[in-house]
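Remarks on the structure that follows.
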Amino acid sequence: MLDPKEKAFIEYWEKNRERENSFFFQLITGIPVGLLFALPIVFLLFTSRYWFKRADMVAHTELSIPVLLACILIIAVFVGVIYKRHKWEMKDQQYKELKVKENRKS
C-alpha cells in the first residue's frame, strides 16, 4: 500500500509529466543552475589579475567579451538542460517504481 506522499507524487507526476519533459520548460527552469555552474568561470577570469598575472595577460589579449559571453551562455544552457533532464528521468523512474508497487498491492 502506498503512503499519502507517494499517492500525491503519482497524481502530481501524471498531471505534469509531459510539461516537465518539454525542452522549453527544462531550459527556463534549468538556467539558474546552469548560471551557478558558469558564473564561477567568469569570476575566476576577472579576478585572475590579482593572483595569476600571466593568465590574465593571455586571457585579455586572446579573448573577446562577446565570445566569452557566448561561451558562458552555452555552458549555462547545456548544464541547465542536462540537469533538468536528469531530474525528469529520476522522477519518471520513481513514478514507474511506484506504479509497479501500486499494481502489485492491488
Open item on the list: Quick test for you: out of K53, K84, pick the one residue that is farther than 30 Å from R17 by Cβ and of a type in the set (D, E, K, R).
Closed with: K53
- [ ] Kindly indicate which of Y95, Y83 is within 27 Å of L2 (Cα to Cα), modelled with pLDDT of 95 or more and hydroxyl-bearing (S, T, Y).
- [x] Y95
TODO: Taking the options P66, P32, P40, name whichever one is touching a residue at least 24 places away in the same chain (Cβ under 8 Å) and exposed (fewer than 14 other Cβ atoms within 10 Å of the Cβ).
DONE: P32
- [ ] Among what's in the stretch 69-91 and is closer than 14 Å to P32 by Cβ and among the basic types (K, R), pick the residue that is surrounded by the fewest Cβ atoms within 10 Å (Cβ to Cβ).
- [x] K87
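The values are calculated or read from the model by the stated rules, or taken from the named source; none is laboratory data. Note that the coordinates shown come from a computational prediction; the quantities given were computed from them, not determined experimentally. Glycine also receives a Cβ, built like all others from the backbone with ideal geometry; neighbour counts cover every protein chain displayed.
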